[in-house]
Amino acid sequence: MKCPHTAAQAGGTVVIDPMVRDLDGETARLRGAGPLARIDLLGVPALAVTRHADARRLLMDPRLVKDLGAWSRWRSGEVTHAWPLIGMIDAGRSMFTVDGDEHRRLRAKTSQALTPRRLEAIRPAVERFTAELLDALEEGGGDGAVVDLKAVFAQPLPMRVVGMLMGVDPAENAMLTRQYKKFFSMLTPQDERLALLADLDVFYAGLVREKTARPADDLTSALILADEGGEPLTEEEVIGNLKAMVAAGHETTIGLILNAVRALLAHPGQLRKVLDGEVSWEAVIEETLRWDTPTTHLLMRFATEDIEVGDDVVPEGEGVVVSYRAVGRDTGQHGPDADAFDVTRPAPVRHMAFGHGPHICPGAALSRLEAGIALPALFARFPRLRLAVPDDGLRRLPVMTQNDLEAFPVLLDA
Ligand code: STR
């Protein structure tokens, strides 16, 4: 007999802290609560997958779907738009929210545009943005002044890149950065979050109108145009994909860049090996993705029937979160030292920071390209870069799903 309450009795419910006061403690508690941890997301119960092998299997399981209509707590009215995390799930019809054949149709053009080969065309632009932002950093941090590596470098770079790719006017980058910061912060009242999402929808609808009238060489225009003989995406689908790209493309890569810098500064011996060329930047990027992954929890999938996980069961209708931070620290996958940052782990580090299965991150190669340019350029320009505060003085933003620092004050020591 499978008992759906085994894990609850063994490990209790892990309450996910909206203020993110102790992320490592919380991750350890999640792992301690078993492969299918009972969690509480602002009063809403859900199940969290905490092991690499289970996540890998479940992300391929067609009985777990993105359709909000499959969530019993939504159907019953227990969860409504008043729940602050609903925007992570109810994000419009797009490749992020649809499964099966329709998902393949919604995703095709985006994944084709983001292959490593196609992305080589934008490498020079990413290098130029990086050089410009390093100049801005030098300006801000001249004469030994403290400068915020997040605000001046790690945040604007991915926004510029994804904005260019989608054909967004660069003059809008500051607005988008401000709106997404507000969207993700748990300090934002829910009525304000819903209002800003509505404003963003108006903005994206305007962009789609503009690209319909004057198609340009960008992914938004490509999404609008029908392939020969192909089914074109509807306006709602184009907008859904566009906002998913902008939100995902700028938020997650900030984390990758900053977390890699943070890990290297906290492990000077490993930084030395990288700067001496003994260890590749690729190894730094992959180990950062595993150890300090930008996505803490990915919301949410729903079980269309009972699904067994080990000795436990996801009941039909229940919501499932993949806790990527816990998955990245899985000793079953990464060995007893999974909690240690170690760029010398034998390659390849088989982490799952980009997910797995049909929804695997279509932007993975883009984020690797950005980090692969930004990190070596940063340390080449400022080899004595250091934190201006102790590492444990870096504060996290109150964001439940993403691994986000408030700021990253550094001294360039140029
Ligand atoms: C934010 C709000 C929105 O308008 C659209 C989306 C869809 C894509 C989501 C994004 C969300 C939140 C961050 C996500 C992204 C896909 C990848 C990214 C979940 C809900 C990750 O953090 C992995």
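The values are calculated or read from the model by the stated rules, or taken from the named source; none is laboratory data. From a predicted model like this one, the values you see are computed outputs, not experimental measurements. Heads up, the Cβs are rebuilt from the backbone with ideal geometry, glycines too, and the neighbour counts pull from every protein chain shown. Heads up: the accessible areas ignore ligands, DNA and RNA and are worked out on the full protein's heavy atoms, side chains in. Shrake-Rupley method; radii C 1.70, N 1.55, O 1.52, S 1.80 Å.
Criterion applied to ALA266, ALA244, ALA248, ALA260 was being at pLDDT 95 or above, open to solvent by 10 Å² or more (accessible area, probe 1.4 Å) and more than 16 Å from the ligand (Cβ to nearest atom), and the one residue passing it is ALA266. Taken over segment 357-414, the criterion of being assigned to a strand (DSSP E or B) and over 19 Å from SER323 (Cα atoms) is satisfied by ARG386, LEU387, PRO409, VAL410, LEU411. Taking (1) closer than 14 Å to LEU64 by Cα; (2) hydrophobic (A, V, I, L, M, F, W, C); (3) modelled with pLDDT under 95 in turn, VAL349 satisfies each apart from (1). Among the numbered conditions (1) within 15 Å of the ligand (Cβ to nearest atom); (2) more than 18 Å from the chain's Cα centre (by Cα); (3) farther than 22 Å from HIS359 by Cβ, the only one that LEU225 does not meet is (1). If you filter segment 334-361 down to residues that are of a type outside the set (Phe, Trp, Tyr) and within 17 Å of GLY255 (Cα to Cα), you find that the one that is most open to solvent (accessible area, probe 1.4 Å) is CYS361.
Just one of the listed residues (GLU127, GLU78, GLU138, GLU120) is away from the ligand (no atom under 16 Å from the Cβ), at pLDDT 95 or above, touching a Ser or Thr at 6+ places or on another chain (Cβ under 9 Å) and acidic (Asp, Glu), and it is GLU78. Within segment 228-241, the residues that satisfy the criterion of being within 16 Å of the ligand (Cβ to nearest atom) and open to solvent by less than 40 Å² (accessible area, probe 1.4 Å) are LEU233, GLU237, VAL238, ILE239, GLY240, ASN241. Among the numbered conditions (1) within 22 Å of the chain's Cα centre (by Cα); (2) within 30 Å of LEU385 (Cα to Cα), the only one that HIS267 does not meet is (1). One residue stands out in segment 66-88 among those that are of a type in the set (A, V, I, L, M) and in contact (Cβ under 8 Å) with a residue 12 or more places away in the chain: the one that is surrounded by the fewest Cβ atoms within 10 Å (Cβ to Cβ), namely ALA82. In this structure, does PRO156 turn out to be touching a helix residue (DSSP H, G or I) at 6+ places or on another chain (Cβ under 7 Å) and more than 16 Å from the ligand (Cβ to nearest atom)? Against the criterion (touching a helix residue (DSSP H, G or I) at 6+ places or on another chain (Cβ under 7 Å) and more than 16 Å from the ligand (Cβ to nearest atom)), PRO156 qualifies. Of everything listed in (1) touching a helix residue (DSSP H, G or I) at 6+ places or on another chain (Cβ under 7 Å); (2) away from the ligand (no atom under 16 Å from the Cβ), the single unmet condition for LEU114 is (2). Based on what the data block shows, is ALA364 modelled with pLDDT of 95 or more, within 16 Å of the ligand (Cβ to nearest atom), surrounded by 14 or more Cβ atoms within 10 Å (Cβ to Cβ) and among the aliphatic types (A, V, I, L, M)? In short, yes. Which members of segment 129-161 meet the condition of being within 20 Å of the chain's Cα centre (by Cα) and of a type in the set (Phe, Trp, Tyr)? Matches in segment 129-161: PHE153 only.
Scanning segment 100-110 for residues that are on the phi < 0 side of the Ramachandran plot and either touching a helix residue (DSSP H, G or I) at 6+ places or on another chain (Cβ under 7 Å) or surrounded by fewer than 17 Cβ atoms within 10 Å (Cβ to Cβ) (or both) yields ASP101, GLU102, HIS103, ARG104, ARG105, LEU106, ALA108, LYS109, THR110.
Name the residue, out of ARG31, ARG51, ARG63, ARG56, that is crowded, with 20+ Cβ neighbours inside 10 Å, in contact (Cβ under 8 Å) with a residue 40 or more places away in the chain, of a type in the set (D, E, K, R) and out of contact with any Gly (no Cβ under 7 Å at 6 or more places or on another chain). The match here is ARG31. When you scan segment 118-131, do you find a residue that is within 24 Å of VAL399 (Cβ to Cβ), open to solvent by less than 50 Å² (accessible area, probe 1.4 Å) and part of a helix (DSSP H, G or I), even just one? Within segment 118-131, none of the residues are within 24 Å of VAL399 (Cβ to Cβ), open to solvent by less than 50 Å² (accessible area, probe 1.4 Å) and part of a helix (DSSP H, G or I). The single condition among (1) open to solvent by 20 Å² or more (accessible area, probe 1.4 Å); (2) away from the ligand (no atom under 14 Å from the Cβ); (3) hydrophobic (A, V, I, L, M, F, W, C); (4) more than 24 Å from LEU411 (Cα to Cα) that ALA145 does not meet is (4). Candidates in segment 166-217 are the residues that are away from the ligand (no atom under 16 Å from the Cβ) and polar (S, T, N, Q); of these, the one that is least open to solvent (accessible area, probe 1.4 Å) is ASN173. Among the residues of segment 312-331, is there at least one that is more than 29 Å from ASP99 (Cα to Cα) and at pLDDT 95 or above? So far as segment 312-331 goes, yes, one or more of its residues are more than 29 Å from ASP99 (Cα to Cα) and at pLDDT 95 or above.
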